[in-house]
Amino acid sequence: MKKGMVLEGGAMRGLFSAGVLDVLLTNGIEFDGAIGVSAGAAFGCNYKSKQAGRVLRYNTNYAHDKRLCSIWSLLLTGDLYGAKFCYDTLPKKLDIMDAKTYLSNPMEFWVVCTNAETGEPVYQILENLDDRDLAYMQASASMPVVSRAVRIDGMKLLDGGISDSIPIRAFEDLGYEKNVVILTQPPGFVKPPMKGMELMKFLMRKYPAVFEDLRIRHIRYNETLEYLKEKEKEGSVLIIQPHEKLPVGRIEHDTQVIRTVYDEGIRTGEEMLGKVREFLNG
């Protein structure tokens, strides 16, 4: 039975997931594979490279660096989160990803993107940690409007959360029968319809299929939450999520807030550690 981990996105809410992942990693919890969406992809890759603490480190060290995330970056490059900095300078020069460990670790790592022209989800395994893999990681976290579509393999790709925010069904289809799912919203959360849809329709006029995904995203998301609850009752899913709404937005430069959200993930991970072991070994 293949054991997997599913990582929701949520921009800087992903710091909660990073805290949970660091607890699991430092306690020797192993998975056959993981799949990440958006921040779940950008942060979750460190589980395969076994670099606990890296997400917190670079998000605090470069919190005020305009190359990481800023209106300056958006106006100059078309990406709120600077693509060159985040997916080249940072992992290759400033806070280097451990490619040797990543490549030797047999755990599969998948990311979810959205085909901007069709609106369909794209599921891609990242096996090499080369420029192509980093481009897929970038695409998975490329939020509409504040990011350019990433061109890879003849496709234009955007944030995976647009088309499949919590890819539990896709991972089950890939053969993962037992899954720990890390969410970044608290119990009882119900996603509301997106506001400002008329403006969004105008802003996404180049990609009408993406607009349609966004229009019904809350319906898909809430249906998936119900599916997860049923799977948890059946014993094939274990949900880990924050107890309350996380005090962070999509952008965060305050290092204290960054640490607070990460520490909440640490606390939750420690609380759930026994249940994770029991779930995976049961």
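The values are calculated or read from the model by the stated rules, or taken from the named source; none is laboratory data. Since the model is a prediction, treat every value here as computed from it, not as a measurement. Neighbour counts are summed over all protein chains in view; Cβ atoms, including those assigned to glycine, are modelled from backbone coordinates with ideal geometry. These area figures cover heavy atoms from the full protein model, side chains too; ligands, DNA and RNA do not enter into them. Shrake-Rupley method; radii C 1.70, N 1.55, O 1.52, S 1.80 Å.
Looking only at Cα atoms, what is the convex hull volume of the stretch 1-141 per residue, in Å³? Numbers along the way, then the final one.
Details: hull volume 15.6 nm³, N = 141.
Taking only Cα atoms, the stretch 1-141 has a hull volume of 111 Å³ per residue.
Here the Karplus curve 6.51 cos²θ - 1.76 cosθ + 1.60, taken at θ = phi - 60°, turns the phi angles of the stretch 113-125 into couplings of 10, 10, 5, 5, 8, 10, x, 8, x, 10, 10, 10, 7 Hz, with x standing for Gly and Pro.
Rolling a 1.4 Å probe across all protein chains gives ILE166 an accessible area of roughly 10 Å². Under a model in which nothing but the beta-carbon of Lys, Arg (+1) and Asp, Glu (-1) is charged, the chain shows a dipole of about 660 debye around its Cα centre. For LEU157, the residues 5 or more places off, or on other chains, whose built amide H falls under 5 Å of its own are ALA116, VAL150, ARG151, ILE152. For PHE189, project a label point 7 Å along Cα to C-beta. Then give me every residue of the stretch 12-37 with its amide nitrogen under 19 Å of that point. Flagged as within label range: 12-23, 35-37.
Under the combined filter of DSSP loop state and at most 15 neighbouring Cβ atoms within 10 Å, the stretch 179-282 retains these chymotrypsin sites (Phe, Trp or Tyr not before Pro): PHE189. Distant-in-sequence amide contacts of ALA34, defined by a placed amide H-H separation under 5 Å and a gap of 5 or more residues or a different chain, comprise MET5, GLU108, PHE109, TRP110.
THR60 to MET107: FRET efficiency via 1/(1 + (r/R0)^6), r the Cβ-Cβ distance, R0 30 Å, to the nearest 0.05?
Efficiency computed from Cβ-Cβ geometry: 0.70.
Considering only GLU264, GLU177, GLU226, the mean-square fluctuation computed in a Gaussian network model of the chain, springs between alpha carbons under 10 angstrom, is largest for GLU226.
Which number comes out as Rg/Rh for the chain once both Rg and the Kirkwood Rh are worked out on C-alpha atoms? Working shown, then result.
Working: Rg = 17.5 Å, Rh = 18.7 Å.
Reported Rg/Rh (Cα atoms, Kirkwood Rh): 0.93.
Shape annotation for the stretch 104-177: C-alpha extents along the principal axes are 34, 27, 20 Å, from largest to smallest.
Cross-link pairs exceeding 20 Å between alpha carbons, from the set LYS2/LYS48; LYS156/LYS201; LYS66/LYS245; LYS50/LYS245; LYS66/LYS93; LYS100/LYS178: LYS66/LYS245; LYS50/LYS245; LYS100/LYS178.
For the residues GLY175, GLY19, GLY265, a GNM of the chain with alpha-carbon springs under 10 Å puts the largest fluctuation on GLY175. The 1.4 Å probe gives accessible areas that order PHE43, PHE109, largest first, as PHE43, PHE109.
With the charge dipole of the chain set up from +1 on Lys and Arg Cβ and -1 on Asp and Glu Cβ about the Cα centre, the Cα lying farthest toward the positive end among the listed residues THR268, TYR221, GLY249 is that of GLY249.
In the stretch 42-140, what percent of the accessible surface is made up of carbon and sulfur (1.4 Å probe, ligands and nucleic acids excluded)?
On the way: 2340 of 4280 Å².
C and S atoms contribute 55 percent here.
Given charges of +1 on the Cβ of Lys and Arg and -1 on the Cβ of Asp and Glu, with all other atoms neutral, how large is the dipole of the stretch 29-145 about its Cα centre, in debye to the nearest 20? Let's see the in-between values first.
Details: 11 positive and 14 negative charges, 114 e Å.
Computed charge dipole of the stretch 29-145: roughly 540 debye.
With every protein chain present, what is the per residue accessible area of the chain (1.4 Å probe, Å²)?
Working: 12760 Å² over 282 residues.
So the chain comes to 45 Å² accessible per residue, rounded to a whole number.
Taking only the C-alpha atoms of the stretch 128-282, Rg followed by Dmax gives 17.6, 51 Å. Whole-percent P(r), the stretch 199-263, all Cα pairs, 5 Å bins from 0: 4, 13, 13, 12, 15, 17, 18, 8, 1.
From largest accessible area down, sort LYS100, LYS201; use a 1.4 Å probe on the protein chains. Show your work: numbers first, answer last.
Numbers: LYS100 170, LYS201 115 Å².
Descending order: LYS100, LYS201.
Assuming a viscosity of 0.692 mPa s and a temperature of 37 °C, what translational diffusion coefficient in µm² per second does Stokes-Einstein assign to the stretch 12-61, Rh being the Kirkwood radius over Cα pairs? Numbers along the way, then the final one.
Values: Rh = 10.8 Å.
Estimated via Stokes-Einstein, D reaches 303 µm²/s.
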